[in-house]
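The values are calculated or read from the model by the stated rules, or taken from the named source; none is laboratory data. In this text the structure is predicted, and so the values were computed from the model without any measurement. All Cβ positions, glycine included, derive from the backbone under ideal geometry; neighbour counts span all protein chains shown.
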Amino acid sequence: MPDVSTDAVPHETVAPAQRAGRDAARRHLCGCDPALAALIGRVGPCRIVVERRREPYEALVRAIAHQQLHGRAAEAILGRMLALHPGEAFPAPERLLATDPAMLRGCGFSGAKIAAIRDIALGAQGGAVPTRRAAARLSDEALVERLTALRGVGRWTVEMLLIFTLGRPDVLPVDDFAVREGWRRIQGLAAQPKPRELGRLGLAFAPHRSAAAWYLWRAADEGKRVAGSGG
């Protein structure tokens with residue numbers, strides 16, 4: 001699972017085309033809603049960091065490792081798995097499938113997660129999990145439909161892949177608690193919107209809904225800091 005906190009954003013060099021895209025997203029979103037515009041004014045440019053060299057297969061295996069775990073614990077499990085395959089940046093699907101499940105359990109994977117990552121590896125071998133190049137020819141919804149058929153992979157997991165691995169610009173993960181909390185906070189609402197309601201409201205953010213999600217995550221972060229300070 002990606003870390004979407006502002007503290008996790010590394011220094012990055014922004015290409016002119018990328019900067020132009022961010023500026024376009026900022027202008028569009030500022031024109032959609034005054035509360036969102038105020039948030040953007042406080043936060044500054046959208047800084048989504050895309051793992052452009054990561055294959056969908058690897059991203060999904062990593063996502064399974066992170067499910068229901070603190071980030072550090074998940075990375076420790078992944079580190080132990082990688083240690084089983086020295087000399088490889090990440091084990092290929094056939095290497096992962098050849099790994100004794102008992103060894104994966106020793107890394108810290110539960111039985112359900114072992115079944116899930118094996119299903120992902122099988123999908124990568126058979127083409128159900130596309131390469132980056134193949135994924136570029138598929139729409140967001142086609143990828144959601146294809147990948148959620150895999151064991152342990154839900155819509156939210158695929159949406160995170162779309163945003164942070166494939167760099168898709170128009171994804172609003174309405175099932176994400178922090179996205180809905182960010183909207184509640186900037187609008188001063190007593191309760192979060194339902195996913196379907198936020199999806200309807202978010203139509204106005206197209207074609208920059210991924211940037212809108214990033215800003216709403218920042219709004220949720222602001223709320224945590226205020227609560228932590230007792231403000």
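Okay, here's what the table says:
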| read-out | value |
| --- | --- |
| Sole residue being part of a helix (DSSP H, G or I), touching a Lys or Arg at 6+ places or on another chain (Cβ under 8 Å) and not basic (K, R), chosen from A178, A211 | A211 |
| Residue among L78, L104, L150, L122 that alone is surrounded by 15 or more Cβ atoms within 10 Å (Cβ to Cβ), closer than 29 Å to F205 by Cβ and at pLDDT 95 or above | L150 |
| Given (1) in contact with a helix residue (DSSP H, G or I) (Cβ under 9 Å, 6 or more places away or on another chain); (2) at pLDDT 95 or above, number of the condition R52 does not satisfy | (2) |
| Some residue of region 98-106 being assigned to a loop (DSSP other than H, G, I, E, B), charged (D, E, K, R) and out of contact with any Leu (no Cβ under 7 Å at 6 or more places or on another chain) | yes |
| Test: residue in region 140-158 that is assigned to a helix (DSSP H, G or I) and over 23 Å from I117 (Cα atoms) | no |
| Selection count where residues are within 18 Å of E159 (Cβ to Cβ), free of Cβ contacts under 8 Å to residues at least 60 places away in the same chain and of a type outside the set (S, T, N, Q), scope region 183-206 | 13 |
